[in-house]
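Asker: Here it is, the structure in full.
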Amino acid sequence: MEQQRKEATERLLSTQGHDNLFYSEENDGVGVGDGGLVAVSNFTSILGLSIFMAACITFGFGCAIGYSSPTQSSIMEDLGLSVAEFSLFGSILSIGSLIGAAISGKITDLFGRKLTMWILNLFYIGGWLAIAFTKAPWLLNLGRISLGFTNGISGYLATIYIAEITTKNVRGRFTTILQLMVGWGASFMYVVGSFVHWRTLALLATIPGLLQVLLIFFIPESPRWLAKVGREKELEAALLCLRGDKADISDEAIEIKNHVESLKSSSRGGIVDIFQKKYVRPLLTVVGMMVLTNLGGINAFAYYSGAIFVSAGISSMVGLITLAATQTVVGILGTTIIDKLGRRPLLLVSSAGLCFSSFLTGVSFFLKDFNWWDQGSPILAFIGLLMYMGSYALGGGLPWLLVSELFPINVKGSAGSICNFMGNSTGWVVGYYFNLLTEWSSAGIFFTFSAFFCANFILIATMVPETKGRTLEEIQASITPSSD
């Protein structure tokens with residue numbers, strides 16, 4: 001089909017006298033020859049607006065994750081919280097995420113992608129306002145759990161929305177932008193939180209939510225969700241909106257419709273579909289990656305990076321600002337290379353970096369505990385933390401891209417809920433017990449994180465397929481053949 005499409009496009013251009021134009025496979029559209037610039041025909045202003053909308057969601061996700069790190073000491077002082085009480089505040093985000101994760105697939109399938117965005121935005125803005133104006137710990141925790149509920153759904157929602165509205169040759173790039181925005185949201189909290197009061201910081205964090213209120217009126221629903229619920233005219237209208245009024249969307253629309261129809265014959269209805277034999281391998285693979293990543297301490301690093309810097313003998317402000325810059329640079333790098341190198345190489349490099357950086361951080365605390373190399377151990381901790389967050393920015397969010405790519409529309413909601421719930425369960429355990437475990441052995445907990453990422457590297461190397469350069473329908477047909 002691709003070759004026929006290419007030949008037809010080139011014949012059309014030739015007959016119309018456009019000798020300097022050619023079919024650009026890399027950009028999935030028409031390009032300008034004779035040394036000219038390639039023009040991406042598929043990127044429209046509405047597609048850009050939709051991507052920006054999803055970016056606002058994940059920026060808010062990052063704000064919620066990064067908030068507790070620069071505000072720990074000031075919140076504890078102003079509200080009179082103990083270490084255990086602040087640990088509850090830090091980790092209760094994951095409790096809210098568990099609730100959201102449990103219904104994430106169901107709610108996005110039931111209400112659609114756009115209406116779910118509306119619902120989440122109410123919880124997002126309300127959560128930050130509760131934190132900003134709280135006078136008691138219970139309201140502080142209520143606001144935090146509301147943000148957790150939002151995060152439990154939004155990480156899944158934003159990724160599948162972008163994957164379902166973009167073309168195959170840019171899908172990885174634009175979904176990786178979402179992970180970059182999570183890093184930017186956390187970095188925004190780290191940097192700005194070093195200079196403003198924690199209540200002001202909470203009010204500033206409402207900005208992504210307010211932007212979403214304006215943007216959501218102008219973005220289309222996911223074409224694949226529309227196909228699933230039988231709204232075929234709206235499916236074609238959404239595709240034209242995303243690809244441009246003059247774009248030929250017939251092949252894409254037919255491929256989506258045919259794929260959805262083929263799934264109905266094997267669908268049994270409800271969550272039981274995901275437990276069919278053909279989905280076992282991809283489900284175990286993605287769940288395994290999410291569980292091991294969370295057991296590897298990402299929530300601990302995100303929630304308490306400021307405290308970790310201080311414990312290692314490094315200025316919290318200097319550490320957090322440098323951390324923000326590192327995440328930005330590495331995140332942009334990942335965005336530019338994912339559709340060229342593929343998912344597997346980035347996942348392997350990211351996991352190896354997380355394994356080594358956790359080990360390096362553990363070594364620094366081991367030296368500090370025994371008063372060996374007092375001048376060098378803070379440097380090792382500093383390098384370890386920067387490498388850890390940089391490695392996560394490179395490929396830590398890619399398991400969510402795989403959820404959107406590997407599972408067809410009839411089981412994507414169930415798969416997303418299971419993966420989300422399992423990841424957030426382990427994330428809560430690590431986030432809550434991290435402060436207590438560091439009192440047991442700071443070095444030991446980081447060595448444990450390193451071991452989990454070593455296991456994650458082995459899982460990726462042996463189980464994760466490459467998905468770049470193929471449509472969602474092509475990927476799902478090859479990974480989950482129709483026969484049980």
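The values are calculated or read from the model by the stated rules, or taken from the named source; none is laboratory data. Here the structure is a predicted model, which is why all the values come from computation and not from measurement. All Cβ positions, even for glycine, are placed from backbone atoms using ideal geometry, and neighbour counts span all protein chains on display. These area figures cover heavy atoms from the full protein model, side chains too; ligands, DNA and RNA do not enter into them. Shrake-Rupley method; radii C 1.70, N 1.55, O 1.52, S 1.80 Å.
Asker: For the chain, list the DSSP H helices whose alpha carbon atoms reach 24 Å or more along the long axis and whose average Kyte-Doolittle value is 0.0 or above? Write out the running numbers ahead of the final one.
Answerer: Working: long enough: 45-66 (31 Å, 1.93); 83-132 (41 Å, 1.17); 137-165 (41 Å, 0.80); 171-192 (31 Å, 0.81); 277-295 (27 Å, 0.81); 316-341 (37 Å, 1.34); 343-369 (39 Å, 0.86); 377-395 (27 Å, 1.44); 409-463 (46 Å, 0.86).
Span-like helices here: 45-66, 83-132, 137-165, 171-192, 277-295, 316-341, 343-369, 377-395, 409-463.
Asker: Let me ask something additional. In nm, to one decimal, how far is the residue 197 label point from the residue 373 one, both placed 7 Å along Cα→Cβ?
Answerer: 4.4
Asker: Shifting gears a bit: Estimate the FRET efficiency between residue 439 and residue 77 by the formula 1/(1 + (r/R0)^6), using the beta-carbon distance for r and 22 Å for R0, to the nearest 0.05. Kindly include the intermediate steps, with their values, before the conclusion.
Answerer: Numbers: r = 21 Å, r/R0 = 0.94.
Efficiency computed from Cβ-Cβ geometry: 0.60.
Asker: Let me ask something else. Quick one: with all protein chains in place, what share of the accessible area of segment 161-255 is carbon or sulfur, to the nearest percent (1.4 Å probe)?
Answerer: Numbers: 2490 of 3790 Å².
Here carbon and sulfur together make up 66 percent of the probe-accessible area.
Asker: Tell me the per residue accessible area of segment 270-483 using a 1.4 Å probe; a whole number in Å² is fine.
Answerer: On the way: 7860 Å² over 214 residues.
Solvent-accessible surface per residue comes out at 37 Å².
Asker: Between residue 52 and residue 232, what is the label-to-label distance in nm when each label sits 7 Å out along the Cα-to-Cβ direction?
Answerer: For the pair residue 52/residue 232, the computed spacing is 3.5 nm.
Asker: Any of 246/277; 233/277; 257/468; 340/368 with alpha carbons more than 32 Å apart? Name them for me. Write down the numbers at each step before the final one.
Answerer: Values: 246/277 42 Å; 233/277 34 Å; 257/468 22 Å; 340/368 42 Å.
Listed pairs above 32 Å: 246/277; 233/277; 340/368.
Asker: Pairs of Cα atoms under 8 Å, at least six residues apart: use those to get the relative contact order of segment 270-483, whole percent.
Answerer: Details: 265 pairs, mean separation 84.3, N = 214.
Contact order relative to length: 39 percent.
Asker: Provide 241, 419 ordered by accessible surface of protein heavy atoms (probe 1.4 Å), highest first. Before the final figure, lay out the partial values.
Answerer: Values: 241 45, 419 0 Å².
Ranked from most to least accessible, the order is 241, 419.
Asker: State in Å² the accessible area per residue of segment 44-219; use a 1.4 Å probe, count heavy atoms of protein chains only, and round to the nearest integer.
Answerer: Details: 5680 Å² over 176 residues.
Spelled out: the 1.4 Å probe surface of segment 44-219, per residue, equals 32 Å².
Asker: Viscosity 0.692 mPa s, temperature 37 °C: what is the translational diffusion coefficient of segment 270-483 from Stokes-Einstein with a Kirkwood Rh over Cα pairs, rounded to a whole number of µm²/s? Let's see the in-between values first.
Answerer: Working: Rh = 18.1 Å.
Value of D from the Cα-based Kirkwood radius: 182 µm²/s.
Asker: Could you look at segment 337-484 and say what percent of its accessible area is carbon and sulfur, using a 1.4 Å probe and all protein chains? Could you put the intermediate results ahead of the total?
Answerer: Working: 3910 of 5620 Å².
With neighbouring chains kept in place, the figure for segment 337-484 is 70 percent.
Asker: For the chain, what relative contact order do you get, as a whole percent, if you take Cα pairs closer than 8 Å and at least 6 residues apart?
Answerer: 23
Asker: Run the numbers for residue 133 and residue 332: contour at 0.36 nm per residue of separation, minus the present Cα-Cα distance, in nm.
Answerer: Values: separation 199, 0.36 × 199 = 71.64 nm, distance 3.54 nm.
So the extension gain works out to 68.1 nm.
Asker: Just checking my list (i) 27.1; (ii) 23.2; (iii) 25.3 against mean projected area of the Cα convex hull in nm² computed from this structure; which label fits?
Answerer: Step by step, mean projected area of the Cα convex hull in nm² for this structure corresponds to label (ii).
Asker: Please give, to one decimal in nm, the separation of the simple spin-label points placed at residue 277 and residue 348, each 7 Å out from Cα toward the Cβ.
Answerer: About 3.1 nm separates the two model spin labels.
Asker: What does the net charge come to around residue 382 if you take all other residues with beta carbon closer than 15 Å to its beta carbon, with K and R at +1 and D and E at -1? Mind showing how you got there, number by number?
Answerer: Values: positive: 368; negative: 374.
Net local charge, residue 382 excluded: 0.
Asker: Would you calculate, for the chain, the mean residue ellipticity at 222 nm contributed by helices, counting each DSSP H stretch of 4 or more residues as -39,500 (n - 2.57) and dividing by all residues, to the nearest 500?
Answerer: Rounded to the nearest 500, the figure is -26500 deg cm²/dmol.
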